[in-house]
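**Student:** Take this structure first; my questions come after.
Bear in mind these aren't lab numbers, they're just calculated from the coordinates by the rules spelled out. Keep in mind the model is a prediction, meaning the values are calculated, not measured. Virtual Cβ from ideal backbone geometry, glycine too; neighbours counted across all protein chains shown.
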């Protein structure tokens, strides 16, 4: 029971031997950069599984879809503008971007693009839920790897870590609160939700916390 509580009560991104000394580093060690890229690739495949499952859009996609409905702009444009708006929120939170912030957008997009055609698109609702669950776990594990590289988080993860620092709440709670808020606003704006959307909103916070915990655990043991 104590280990479970510890698993979901992580408040800070752990720093291990292969983490970068500072986030704003554009000349990181090779091992740090490799782990960052592996984490972002796993993250992207997890995102692709969510898309392929057909069980519902992720909360941020729901929000972008909602903005698209009221603005008439494409979902691609509203996704980009939403990311910019989140980055602006970094300013009062004093978040620091880095190489990981830039690579986040590129590698995750490429991973989704390359993996999506080969992923199953089940007709069975049960299999859709299984695929969604696997996608959430992969996004959480990929987040643990790339965040611990300490080369700068992506826009949404930076919002999570910034709000955690201000509130001093566990990362799992902060991320869950963000996702639920985003879903509500997206739905009110006309975005489409499904069971997969709800699963992601409530599951991604614990999944990221699990990813950080296990990556830290095995990194410490192997050191």
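**Student:** Considering only residues that are more than 18 Å from the chain's Cα centre (by Cα) and either crowded, with 21+ Cβ neighbours inside 10 Å or without any contact (Cβ under 8 Å) to a residue 40 or more places away in the chain (or both), which ones fall in region 56-75?
**Tutor:** 66, 67, 68, 71, 72, 73, 74, 75, listed by residue number.
**Student:** Determine if region 168-175 includes at least one residue that is surrounded by 15 or more Cβ atoms within 10 Å (Cβ to Cβ), touching a residue at least 60 places away in the same chain (Cβ under 8 Å) and assigned to a helix (DSSP H, G or I).
**Tutor:** yes
**Student:** Listed residues 161, 96, 78; which is part of a helix (DSSP H, G or I), in contact (Cβ under 8 Å) with a residue 12 or more places away in the chain and under 26 Å from residue 213 (Cβ atoms)?
**Tutor:** Details: 96 fails: part of a helix (DSSP H, G or I); 78 fails: under 26 Å from residue 213 (Cβ atoms).
The conditions single out 161.
**Student:** Being in contact with a helix residue (DSSP H, G or I) (Cβ under 8 Å, 6 or more places away or on another chain) and on the phi > 0 side of the Ramachandran plot is the filter here, so list the residues in region 40-90 that pass it.
**Tutor:** 54, 56
Yes/no matrix, rows are residues, columns are (1) over 17 Å from the mean Cα position of the chain (by Cα); (2) surrounded by fewer than 16 Cβ atoms within 10 Å (Cβ to Cβ):
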| position | (1), (2) |
| --- | --- |
| 91 | yes, yes |
| 94 | yes, yes |
| 103 | no, no |
| 115 | yes, no |
| 123 | yes, yes |
| 126 | yes, yes |
| 144 | no, no |
| 155 | no, no |
| 159 | no, no |
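**Student:** Give me the pairs: first residue in region 18-31 and surrounded by fewer than 17 Cβ atoms within 10 Å (Cβ to Cβ), second residue not in a loop (DSSP other than H, G, I, E, B), beta-carbon distance under 8 Å, and six or more apart or on different chains, which are they?
**Tutor:** 26/99
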